[in-house]
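The values are calculated or read from the model by the stated rules, or taken from the named source; none is laboratory data. These numbers were taken from a predicted model, which means no experiment stands behind them. For neighbour counting, all protein chains shown are included, and Cβ atoms are generated from backbone atoms with ideal geometry for every residue, glycine included.
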Amino acid sequence: MRTQAPVSNTQSFSDLNFDRLWSTNAERDKNTSIQIGVYRGNASIAIFSGTTGGAPKVKIPLPKQFNILFREIFKMVRKGGPDTKITVPIQKWDPGTSKMVNTASVSFGLDAANIAYIGVVATGQPAAKFPIRTDLKWDISTLSEINSNQLALDMFLAAMDNVVHAVNLTSFKMDPSSRPGGSGGNRPNYGSGNRAAAPVSIEDDIPF
């Protein structure tokens, strides 16, 4: 008779590595990159700079179901056409002033060539612009009915759906009372979540 190997009570979906579900380099700067991923049920945007590795220079938490927000913002951007940009301020509670203060901003836009991009500005860090490209190894140049810029944006938004799936998956932890063959099970641990995104605004002072 085959026996089942013991299952460690410390195992959980949160141990899975989803910290780099989408990434790309900054425009004209291969040493700066953006990374969107999930750690223990929380999604974030991380900006890395330099050649020595280490911790991200900027880390911005993303709200739950942020993929819907991204999709709606880019829908607005596409209606505006090339050289359209929408900027969302990122706020943090300042206990000293008892107010929400802007600490960063994330821009969603189309450049003059109709290429979608994400731009990030954070306190103490230079502005960075990250074009959204397909990064395909397949040559689709002969497929005239496919708009490569539109395809790149659609693939990016699909990747954001995957990030939210990873958030849901890693929000569940193993119930300590669970035992193989016992009556225990997985108990959801949703955590405190992230603060909802600030209202969308269009700004002209972002250098993109």
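Conditions tested, residue by residue: (1) under 17 Å from Trp22 (Cβ atoms); (2) modelled with pLDDT of 90 or more.
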position: Gly54; (1), (2): no, no
position: Leu62; (1), (2): yes, yes
position: Phe74; (1), (2): yes, yes
position: Thr87; (1), (2): no, yes
position: Gly96; (1), (2): no, yes
Q: Of the conditions (1) among the aromatic types (Phe, Trp, Tyr); (2) under 18 Å from Ala158 (Cα atoms); (3) in a strand (DSSP E or B); (4) over 14 Å from the mean Cα position of the chain (by Cα), Phe130 clears all except one; give me its number.
A: (4)
Q: Report yes if Val77 is assigned to a helix (DSSP H, G or I), without any contact (Cβ under 8 Å) to a residue 60 or more places away in the chain, surrounded by 11 or more Cβ atoms within 10 Å (Cβ to Cβ) and among the β-branched types (Val, Ile, Thr), otherwise no.
A: yes
Q) Got a sec? Which strands (runs of 3 or more DSSP E) wholly within the range 17-74 have at least 1 residues that are in contact with a helix residue (DSSP H, G or I) (Cβ under 7 Å, 6 or more places away or on another chain) and surrounded by 17 or more Cβ atoms within 10 Å (Cβ to Cβ)? A) 18-26, 29-39, 42-49
Q: Kindly indicate the residue of the range 141-157 that is closer than 25 Å to Asn67 by Cβ and over 21 Å from the mean Cα position of the chain (by Cα) and also surrounded by the most Cβ atoms within 10 Å (Cβ to Cβ) among those meeting that condition.
A: Ser148
Q: Among the candidates Pro95, Pro126, single out the residue that is free of Cβ contacts under 8 Å to residues at least 60 places away in the same chain, at negative phi and surrounded by fewer than 12 Cβ atoms within 10 Å (Cβ to Cβ).
A: Pro95
